[in-house]
Amino acid sequence: MNTPDADGLLAEQLLRLTRRLHRSQQRQLESADIAITPAQSRLLRTVAHYDHPPRMADLAARLEVVPRAVTSLVDGLEASGRVRRVPDPANRRVVRIELTDTGRDTLRRLRTARRTAAEDILAPLTAEQREVLGGLLSALVDGGPRRDC
C-alpha cells in the first residue's frame, strides 16, 4: 500500500536519479569539449525533430516557453554556428531555424554523451531490470491512469 511518505521517498529518489544523470551527462559533455546549455541542447533536439525548418513560434509552442526565450536560445546557438536563421520561401517575413552541419555534429555528440551517461547510471541493472524500469518510466511519462480527486 502506498503511503504519502512512500510516495515522497519515491519522488525524492527520482529527483536524485535525475540530478545524477544530469551530472554524468555534463561530465561527458565537458570531456568531449561541448559547451552547450541544457536549454540549448533541448532546442537543438527540437529543431531536429521537424521535417522542415520550424518557425520560432513553432519552437516556442513545442517547448512551452515564451517566444523571447526561443530568440535568446537561437541567438546563442547561431553565434556558435549550430543553427542559422533562414527566410521562409513562401513568406519572406517569416524566419525559420535550421540546423547547420555543426549543429548536426553537436546533436550526434550530445546523443553519445547521453547514452554514455545512461549506461553509467544503469550499469548495476540487469537487462531484465532495465526492461522493467523502461516500462515503469514509460507509464509515468505517458501519464498512466488518471486519478480524479
Note down the net charge around residue 52, summing +1 for each Lys or Arg and -1 for each Asp or Glu among other residues with Cβ under 12 Å from its Cβ. -2
Taking H as built 1.01 Å from N, whose amide H comes closer than 5 Å to the amide H of residue 94, not counting residues under 5 places away? 88
Which cross-chain or sequence-distant (5 or more) residues have an amide H under 5 Å from the amide H of residue 100, H modelled 1.01 Å from N in plane? 83, 84
From the phi of every residue in region 83-92, what ³J(HN,Hα) in whole Hz does the Karplus formula 6.51 cos²θ - 1.76 cosθ + 1.60 yield, where θ is phi - 60° and glycine or proline is x? 9, 9, 8, 10, x, 6, x, 8, 8, 5
Span from the region 26-47 Cα centroid across to the region 71-144 one, whole angstrom: 8
What FRET efficiency comes out for the pair residue 101/residue 57, r = Cβ-Cβ distance, R0 = 25 Å, nearest 0.05? 0.45
Across 103, 76, 134, the residue with the highest GNM fluctuation in the chain (Cα network, 10 Å cutoff) is 134
Accessible-area ranking of 16, 55, 92, largest first, probe 1.4 Å: 92, 16, 55
How much mean residue ellipticity at 222 nm does the chain get from its helices, if each DSSP H run of length 4 or more adds -39500 (n - 2.57) and you divide by all residues, to the nearest 500 deg cm²/dmol? -22000 deg cm²/dmol
Among residues other than residue 96 whose Cβ falls under 10 Å from its Cβ, what is the net charge (Lys/Arg +1, Asp/Glu -1)? 0
If you take Rg and Dmax of the Cα atoms in Å from the coordinates, which of (1) 18.9, 60; (2) 31.1, 90; (3) 18.3, 64 do you get? (1)
Gyration tensor on Cα atoms of region 24-73, a ≥ b ≥ c root eigenvalues, a/c under 1.5 rounded, else prolate if a/b beats b/c, else oblate, says prolate
Per residue of region 93-106, in order, report the coupling 6.51 cos²θ - 1.76 cosθ + 1.60 (Karplus, θ = phi - 60°) as ³J(HN,Hα) in whole Hz, putting x for Gly and Pro. 7, 8, 9, 10, 10, 10, 6, 9, 4, 4, x, 5, 5, 4
Residue with peak Gaussian network fluctuation, the chain [Cα springs, cutoff 10 Å], from 112, 126, 37: 126
Let me check I've understood the local charge: for residue 23, count other residues with C-beta under 14 angstrom from its C-beta, Lys and Arg +1, Asp and Glu -1. What total comes out? +3
Once 75, 51 are ranked on solvent-accessible area with the largest value leading and a 1.4 Å probe, the list reads 51, 75
For region 12-18, Karplus-derived ³J(HN,Hα) couplings (6.51, -1.76, 1.60; θ = phi - 60°; whole Hz; x for glycine and proline) come out as 5, 5, 5, 4, 4, 5, 4
Keeping all protein chains in position, work out how much accessible area residue 94 exposes to a 1.4 Å probe, and write it in Å² to the nearest 10. 40
Cα long-axis angle, helix 38-49 against the chain (0 to 90 degrees, to the nearest 10): 70
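The values are calculated or read from the model by the stated rules, or taken from the named source; none is laboratory data. Quick caveat: nothing in here was measured; it's all calculated off a predicted structure. So basically every Cβ, Gly included, is an ideal-geometry build from the backbone, and we count neighbours across all protein chains shown. Just so you know, the surface numbers come from the protein's heavy atoms only, side chains and all, with ligands and any DNA or RNA stripped out. Shrake-Rupley method; radii C 1.70, N 1.55, O 1.52, S 1.80 Å.
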